[in-house]
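Q: Just passing along the structure, written as structure tokens.
Bear in mind that the values in this text are calculations on the coordinates, not laboratory data. Here the structure is a predicted model, which is why all the values come from computation and not from measurement. Virtual Cβ from ideal backbone geometry, glycine too; neighbours counted across all protein chains shown.
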Amino acid sequence: MSLAATRYETLSVEIADHIATITLNRPGQLNALDHQMAKELLDVAIACDEAPSIRAVIITGAGDKAFCAGGDLHSFHAKGEDIAAHLKLVTHLLHAAISRFSRMDAPVIAAVNGVAAGAGLSFVGFPDLAIASDQSRFISAYTASGLTPDGSSTYFLPRIIGQRRYMELVMTNRMLSADEALEWGLVNKVTAHDDLMAETRQWALSLASGPTKAFGRIKHMVHQSFNASLEGQMELETQLIAESAKTKDGLAGVNAFVNKKKPSFTGE
């Protein structure tokens with residue numbers, strides 16, 4: 001599966017400097033997620049996961065108004081009595097995509113360029129890091145339509161911002177400004193709107209030159225930690241630091257430290 005040769009209807013994908021930049025590309029619908037986008041996100045997630053040359057991933061939205069306005073309720077409503085079955089299909093594809101993004105070695109960064117609502121808020125949760133434009137806004141919005149969250153929202157977001165704050169967001173539909181999202185820990189950094197992609201790319205370039213396999217192991221350990229005992233988690237740490245020490249990057253990093261040199265990592 002070649003990302004460079006693939007053309008999508010709802011996404012645009014650019015590959016440069018070992019970074020895959022995935023843009024949700026339905027600006028006329030505020031980048032809302034429909035069945036086609038869910039299917040294409042799964043395709044691109046698998047492609048990134050299977051490409052050793054991709055060592056960082058950026059997810060952002062097209063245009064200046066929205067990162068992602070959530071699920072495309074118009075497309076869901078059009079299914080009439082089949083809406084429940086349709087939502088099962090859409091979420092099945094979306095959740096499979098999120099699993100791949102979460103489990104891949106390459107760090108994933110959300111570049112939040114505007115409103116993040118519903119599934120768009122979920123898309124801020126599953127990436128490893130998030131940078132927001134100062135024009136971005138964050139709202140759950142599900143219960144305003146009588147719905148419940150999806151897209152990993154109930155897994156990642158309570159872990160990131162805490163259960164009380166998460167319950168406030170999903171029950172009251174409070175909208176957070178970019179600065180409030182930073183204060184709550186929902187995003188790592190807020191930048192001027194016009195600087196968002198440049199700032200995100202600098203972060204991605206730094207990560208893409210790092211020890212990619214070690215990053216993947218860190219992601220795995222963090223995901224496991226919430227359900228593990230202390231002893232079980234420390235055993236996992238023992239196993240993975242030993243495995244990391246045997247990789248090309250581990251050997252190169254230790255050797256560079258001992259010889260007071262800057263390490264050069266290849267992602268192997």
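Q: Hey, what do the phi angles of the stretch 213-227 turn into as Karplus ³J(HN,Hα) couplings, whole Hz, using 6.51/-1.76/1.60 and θ = phi - 60°, x for Gly and Pro?
A: Those phi angles translate into 5, 5, 4, x, 5, 5, 4, 4, 5, 5, 4, 6, 4, 6, 10 Hz.
Q: Order of LYS189, LYS261, LYS219 from fewest to most other C-beta atoms within 10 Å? Provide the component values of the computation, followed by the final result.
A: Numbers: LYS189 14, LYS261 10, LYS219 19.
Starting with the residue having the fewest Cβ neighbours, the order is LYS261, LYS189, LYS219.
Q: Another one. About the Cα centre of the stretch 1-73, how large is the charge dipole given +1 on each Lys and Arg Cβ and -1 on each Asp and Glu Cβ? Please answer in debye to the nearest 20. Don't jump to the answer; show the numbers that get you there.
A: Details: 5 positive and 10 negative charges, 20 e Å.
My answer is approximately 100 debye.
Q: So how do SER140, SER99 line up by other beta-carbon neighbours within 10 Å, fewest first? List each step's numbers first, then the result.
A: Details: SER140 27, SER99 15.
Ordered by Cβ neighbours within 10 Å, fewest first: SER99, SER140.
Q: Would you order GLU199, GLU183, GLU40, GLU81 from fewest to most other beta-carbon atoms within 10 Å of each residue's own beta-carbon? Please list the in-between numbers first.
A: Details: GLU199 16, GLU183 12, GLU40 21, GLU81 6.
Ordered by Cβ neighbours within 10 Å, fewest first: GLU81, GLU183, GLU199, GLU40.
Q: Going by the alpha-carbon gyration tensor, a ≥ b ≥ c the square roots of its eigenvalues, is the chain rounded (a/c under 1.5) or, if a/c is not under 1.5, prolate (a/b greater than b/c) versus oblate? Show your work: numbers first, answer last.
A: Details: a/c = 1.69, a/b = 1.54, b/c = 1.10.
Judged from the Cα gyration tensor, the chain comes out prolate (a/c at least 1.5, a/b above b/c).
Q: Please list, by residue number, everything in the stretch 197-224 whose backbone N is under 16 Å from a paramagnetic label point 7 Å out along Cα→Cβ of THR266.
A: Output list for this probe position: 209-214.
Q: Okay, moving on. For the chain, with only Lys/Arg (+1) and Asp/Glu (-1) charged at the beta-carbon, what is the dipole magnitude about the Cα centre, in debye rounded to 20? Can you show the working numbers first?
A: On the way: 24 positive and 29 negative charges, 98 e Å.
I would put it at about 460 debye.
Q: Please work out, to two decimal places, the log10 of the ratio I(q)/I(0) at q = 0.16, 0.20, 0.30 Å⁻¹ from a Debye calculation in which every Cα of the stretch 194-255 carries one identical scatterer.
A: Here the Debye-derived log intensity ratios amount to -0.65, -0.82, -1.16.
Q: Another question, if that's okay. Could you size up the charge dipole of the stretch 212-258 around its Cα centre, putting +1 on the beta carbon of Lys and Arg and -1 on that of Asp and Glu, and report it in debye to the nearest 20?
A: Values: 5 positive and 5 negative charges, 53 e Å.
About 260 debye.
Q: Residue by residue through the stretch 136-152, what is 3J(HN,Hα) from phi via Karplus (6.51 cos²θ - 1.76 cosθ + 1.60, θ = phi - 60°)? Round to whole Hz and write x for glycine and proline.
A: 6, 9, 9, 8, 6, 6, 4, 5, 5, 10, x, 10, 10, x, 9, x, 6
Q: For TYR155 and ILE46, compute 0.36 nm times the residue count separating them, minus their Cα-Cα distance, and round to one decimal in nm.
A: Numbers: separation 109, 0.36 × 109 = 39.24 nm, distance 2.12 nm.
Here the answer is 37.1 nm.
Q: Okay, moving on. Using alpha-carbon pairs under 8 Å, 6+ residues apart, how would you state the relative contact order of the stretch 11-208 in percent?
A: Working: 410 pairs, mean separation 42.6, N = 198.
Once divided by the residue count of the stretch 11-208, the mean separation gives 22 percent.
Q: Here's something else I'd like to know. Among the trypsin sites (Lys or Arg not before Pro) in the stretch 1-106, which ones are in a DSSP loop with at most 12 other Cβ atoms within 10 Å of the Cβ? Mind listing them? Don't skip to the end; give the middle numbers.
A: Working: sites: ARG7, LYS39, ARG55, LYS65, LYS79, LYS88, ARG100, ARG103; in loops: ARG7, ARG55, LYS65, LYS79.
Answer by residue number: ARG7.
Q: Along the positive direction of the dipole of the chain (beta-carbon charges: Lys, Arg +1; Asp, Glu -1; about the Cα centre), which of THR266, THR247, ALA132 reaches farthest?
A: Toward the positive end, the furthest listed residue is THR247.
Q: Student exercise: in the stretch 11-208, how many lysine pairs 8 or more apart or on different chains have Cα atoms under 23 Å apart? Kindly include the intermediate steps, with their values, before the conclusion.
A: Details: LYS39/LYS79; LYS39/LYS88; LYS65/LYS189; LYS79/LYS88.
Count of close lysine pairs: 4.
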